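Before any comments, here is the structure.
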């Protein structure tokens, strides 16, 4: 095995998309987690990459939300001015 590319859960069974060394992409297959126990290092590396990606995505979403809120109403407007 070269590396793990993706993860999905179907009917409560975790499966990982595995890329095999010296094989083409069409040879990538979904394997159950229990079938990959001897590749613990690759599983840990994949989970670390996914955790980092989730944290990065959460930071982006927070920044977008903060920018959206900032654009809703400029600080100088109040309800009194808006509803004359």
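The values are calculated or read from the model by the stated rules, or taken from the named source; none is laboratory data. In this text the structure is predicted, and so the values were computed from the model without any measurement. As a convention, Cβ positions derive from the backbone with ideal geometry for all residues, glycine included, and neighbour counts pool all protein chains shown.
The figures follow:
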read-out	value
Filtered residues of the range 24-42 (kept if surrounded by 10 or more Cβ atoms within 10 Å (Cβ to Cβ) and within 18 Å of residue 10 (Cα to Cα))	28, 29, 30, 31, 32, 33, 35, 36
Residue list for the range 16-28, restricted to those being in contact with a strand residue (DSSP E or B) (Cβ under 9 Å, 6 or more places away or on another chain) and part of a helix (DSSP H, G or I)	25, 27
Top-ranked residue of the range 29-78 - restricted to ones that are farther than 13 Å from residue 5 by Cα and not in a helix (DSSP H, G or I), ranked as modelled with the highest pLDDT	32
